[in-house]
Amino acid sequence: MWSWGKKLSTLAAILLLAVFVSACNKGDASGKVKIEFFQNKPEAKGSFDKLISQFNQEHPGIEVTQVNPPEAETVLLTRVVKNDVPDIVGLGATDTYSILAQSGIFTDLANTELPRTIDPIYLKMLKDVTGVDPVYGIPYAANANGVMYNKTLFKEMGLRVPKTWDELIATAQKIKAAGKIPFYFTYKDDWQTNLPFNALGPNLVGIDFFLQRRENQVTFQDKYREVAEKQLELLKYGHGDNFGKNYADGNRAFANGQGLMYIQGSWAISEIRKANPKVELGFFPLPTGNDEKAVKLVSGIDTLLAVSESTPHKKEAEEFIAFLLKPENSKQYITEQTLFSAVKGVTQDDPSVAELLPYFKSGRVIDFADHYIPKAVQLNSIVQAFLQNRDIDAYLAKLDSEWNKVANRR
């Protein structure tokens, strides 16, 4: 008959064996440390593949492998539930990231060298999104949300880039009077409907609204009426099928001169150029009010890099992130993806976004509104429905009621 001591000794041996086998599964016969890099942007896979290949060549003892599944955020949440967190995670500063950061899934990198190379604006954005002080992610690349315009068509009509809301509406009216399309809307895809919302909300009401909304100190019904009114005002200057065209349709149409302005994100630039490499693009912040100096560019964290708290290879994971943050590697990534670097001193040289650079340099940027709205609120479908039924009171009440439902479940 076994004694408890023998049982415990045997159990300890089994657990040690399991740990050993698990560790071996992270390596291979040559003793390499294997790191899984899970990221959520299919369009960035090729860019990351190049950087990973270079890293693996320069670090023969480490092998990084990229995983980029469809519906990546859903897959990630499923894996978290199964306690199968990838070594390194790349995703946007969304509600999904906020939930995971607050859950202790990621390593606090505040005391490493990694945050020291990052523009403080983006580190503050992460703190605001999560509501916690630890640095659970390193901002890597940022995007921008504003108004793209066709420079050739603007010149033909003698138009100037509008700097205020009144100038924007006057420009749209002039284009419409000439029988042309002021804004090419692609509202068949519900996520496209919140692009004006993402600019209007933060500029007119501020990001602090969401921090106060978490504490139930303010409501959408109290603060968001002007936002709603301006969402409807813009819709007057679309085309005949605003809710029948999707994102892909819009990229092709705008690339080929159907519409002089396109409320869109910088992520669309490469897609537009695929449809027409010769199109001459410009890009300006959506002027949400009549004080030109008060208008901020909406720019959010497109990709952040987080390290699993449970990975046995934190040192190697941090080494890979440090590699990605090198100025030359960050530059390569943002050039290929037409994004903006969160790394200090790394600039975007693409002429299509030249008009946005002064906003980055002066720090006149503000985060996306939907980064602060819980995913379960289903903002996209609420906004799409509002733009179709045009009922402001019902819209704002719906935003409040859905927010409250989610808040009560958390």
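Values for this structure:
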read-out: Matching option when the condition is open to solvent by 10 Å² or more (accessible area, probe 1.4 Å), closer than 24 Å to residue 406 by Cα, of a type outside the set (A, V, I, L, M, F, W, C) and more than 21 Å from the chain's Cα centre (by Cα), among 151, 82, 127, 155; value: 82
read-out: Number of the condition not met by residue 164 [criteria: (1) open to solvent by 40 Å² or more (accessible area, probe 1.4 Å); (2) in contact with an Asp or Glu (Cβ under 8 Å, 6 or more places away or on another chain)]; value: (1)
read-out: Exclusive hit being over 19 Å from residue 386 (Cβ atoms), touching a residue at least 40 places away in the same chain (Cβ under 8 Å) and not in a strand (DSSP E or B), set 250, 238, 244; value: 250
read-out: Residues (among the acidic types (Asp, Glu) and either under 19 Å from the mean Cα position of the chain (by Cα) or buried (at least 21 other Cβ atoms within 10 Å of the Cβ) (or both)) located in the stretch 362-397; value: 367, 370
read-out: Odd one out for residue 346 among (1) in contact with a Lys or Arg (Cβ under 8 Å, 6 or more places away or on another chain); (2) within 23 Å of residue 203 (Cβ to Cβ); (3) of a type in the set (Val, Ile, Thr); value: (2)
read-out: Residues of the stretch 184-229 that turn out to be within 22 Å of residue 406 (Cα to Cα), in a helix (DSSP H, G or I) and either in contact with a His (Cβ under 6 Å, 6 or more places away or on another chain) or β-branched (Val, Ile, Thr) (or both), as a count; value: 1
read-out: Close pairs from the stretch 148-163: first more than 19 Å from residue 285 (Cα to Cα) and touching a residue at least 24 places away in the same chain (Cβ under 8 Å), partner open to solvent by 40 Å² or more (accessible area, probe 1.4 Å) and small (Gly, Ala, Ser), Cβ under 7 Å, at least 6 apart; value: 157/178
read-out: Failed item in (1) surrounded by 14 or more Cβ atoms within 10 Å (Cβ to Cβ); (2) in a helix (DSSP H, G or I), with residue 354 passing the rest; value: (1)
read-out: Failed item, numbered, when residue 96 is tested on (1) in a helix (DSSP H, G or I); (2) surrounded by 21 or more Cβ atoms within 10 Å (Cβ to Cβ); value: (2)
read-out: Selected residue (criterion: nearest to the chain's Cα centre (by Cα)) from residues of the stretch 285-304 that are under 15 Å from residue 166 (Cβ atoms) and hydrophobic (A, V, I, L, M, F, W, C); value: 286
read-out: Residues that are surrounded by fewer than 24 Cβ atoms within 10 Å (Cβ to Cβ) and closer than 25 Å to residue 287 by Cα, drawn from the stretch 130-144; value: 143
read-out: Within the stretch 177-205, tally of residues that are surrounded by fewer than 17 Cβ atoms within 10 Å (Cβ to Cβ) and touching a residue at least 40 places away in the same chain (Cβ under 8 Å); value: 3
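This table checks each residue for (1) modelled with pLDDT of 95 or more; (2) out of contact with any helix residue (DSSP H, G or I) (no Cβ under 6 Å at 6 or more places or on another chain); (3) outside any helix (DSSP H, G or I).
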residue	(1), (2), (3)
133	no, yes, yes
139	yes, no, yes
147	yes, yes, yes
156	yes, yes, no
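The values are calculated or read from the model by the stated rules, or taken from the named source; none is laboratory data. Values in this document were obtained by computation on a predicted structure and should not be read as measured data. Heads up, the Cβs are rebuilt from the backbone with ideal geometry, glycines too, and the neighbour counts pull from every protein chain shown. Only protein heavy atoms, including side chains, enter the accessible area calculation; ligands, DNA and RNA are left aside. Shrake-Rupley method; radii C 1.70, N 1.55, O 1.52, S 1.80 Å.
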